[in-house]
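K.L.:
Here's a structure for you.
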Amino acid sequence: MIASKPTIDAATVKRRAKALGADLVGIASAATLNAFPPDPRWPQTPDRISPYCKSVIVLVQRIPAGAFRCKTNVPVQYIDMLVLRKMDKVAYALAEELEDAGHPSFVTAAQETDWNYKRASYGRLSTRHLGVEAGLGTLGLEVNILTPEFGPRVYLTGILTELELEADRPITEQVCIGESCSRCLHSCPADAVLHFGIDKRACATEAQEFGFSTILQFFERFIDASQTKKAEMAASREVFGFWQGLLRVVGSFGDCPRCLAVCPVGNDYHAHLADAQKAIPEKTPAKVALGKAYKESRARGDEIAGLNDWNSRWVGPEGYKGIVARQLQEFKKQQASRDERKIEPVLADEGRD
Ligand code: SF4
Ligand code: SF4
């Protein structure tokens, strides 16, 4: 007699992922991901990786808010790497447990670029789109995934499994406040935030200061330089940056946290960032005017690539319905009852003779 595989359902997988240390977890159906690639010209779909995958378990790891309260971006750059390490370990352990239970499973690289795709950082799967399909959030104005819990201050990864699991439903309302907020646009030092889109090359100038294209440009200049200039370049800050990027990842990606830091979505923002990030020093009248123009364009019903019939699926087809305001009210209520609980023992002490 052939031993049957133990039954594992979606709730069990989620409980286990959380117990291992994931902050959020959702499940997307591989069939849905195959049917709706983010850009059909360059399909980032599970079937291009494995013909057997039935479900993708999507894990979210939050970036601690404390790092966004610092004077420079360096603490975020370092903690990003720690978050990724933790997330990979959690995902690996879960994949191993599923496989031990009889269901072939593996983890994809959370941060990778497939050279054959568009000439920018596009992986074999788009983790933010995985997150939307798994019901964990929706894309914002700057097309980061915004989770209601932690806004865009998250990393995501996917476990591809041959186990059929019940998929979560995507959130249909827009989590991003939208054009009337535009804080990500105001903060962006590279003017890379488009209308529910991003100029990846512009973003890379800040977010990948010592990334691949900077290395290429450096060596192009190096090859043509004189001997004296070559010696100078070899001892420059850029070479140190490349070395540090190889060693610690710092500088090679995720270098600019500004659009993450200022986004008011998420209880972590209300709890720890609202004071430190209220003012946006990079805000200019031109940026404010651009946000206003985006708002007017949407109100007129103009054709907007990021909000067309295909892409609105990931932005939230119902539009913004006040999720951030609702959460803020709920957060304040919880804070108030927590404060009351703290005060009660003090009052009880005061009443004692
Ligand atoms: S990461 Fe920085 S440069 Fe890139 S879109 Fe966000 S704010 Fe702009
Ligand atoms: S900062 Fe505002 S506009 Fe930008 S993603 Fe967050 S909620 Fe949306």
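The values are calculated or read from the model by the stated rules, or taken from the named source; none is laboratory data. Being a predicted model, the structure only gives us computed values, none of them experimental. Every residue, glycine as well, gets a Cβ built from its backbone with ideal geometry; the counts of neighbours run over all protein chains shown.
K.L.:
Looking for whichever is on the phi < 0 side of the Ramachandran plot, within 12 Å of ligand 2 (Cβ to nearest atom), in contact with a strand residue (DSSP E or B) (Cβ under 9 Å, 6 or more places away or on another chain) and assigned to a strand (DSSP E or B) here; the options are Leu146, Leu160. Which one fits?
P.N.:
The unique qualifying residue is Leu146.
K.L.:
Right, here's the next one. Does the range 303-323 include one or more residues that are more than 23 Å from the chain's Cα centre (by Cα) and more than 30 Å from Gly135 (Cβ to Cβ)?
P.N.:
No, that holds for no residue.
K.L.:
Answer yes or no as to whether Ser297 is polar (S, T, N, Q) and at pLDDT below 95.
P.N.:
no
K.L.:
Next question, about the same structure. Can you spot a residue in the range 308-331 that is more than 25 Å from Cys256 (Cα to Cα), in a loop (DSSP other than H, G, I, E, B), within 16 Å of ligand 2 (Cβ to nearest atom) and of a type in the set (D, E, K, R)?
P.N.:
yes
K.L.:
What tally of residues in the range 165-193 results from selecting those that are under 30 Å from Ser55 (Cβ atoms) and part of a loop (DSSP other than H, G, I, E, B)?
P.N.:
11
K.L.:
Is one or more of the residues making up the range 81-89 surrounded by fewer than 21 Cβ atoms within 10 Å (Cβ to Cβ), under 19 Å from Gly137 (Cβ atoms) and touching a residue at least 12 places away in the same chain (Cβ under 8 Å)?
P.N.:
Checked against the condition, which is being surrounded by fewer than 21 Cβ atoms within 10 Å (Cβ to Cβ), under 19 Å from Gly137 (Cβ atoms) and touching a residue at least 12 places away in the same chain (Cβ under 8 Å), the range 81-89 yields at least one hit.
K.L.:
The conditions are (1) within 16 Å of ligand 1 (Cβ to nearest atom); (2) crowded, with 18+ Cβ neighbours inside 10 Å, and Leu160 fails exactly one of them. Which is it?
P.N.:
(1)
K.L.:
Moving on. Out of the residues in the range 205-226 meeting the condition of being in contact with a Ser or Thr (Cβ under 7 Å, 6 or more places away or on another chain) and of a type outside the set (A, V, I, L, M, F, W, C), tell me which one is farthest from Pro257 (Cα to Cα).
P.N.:
Per the criteria, the residue is Gly211.
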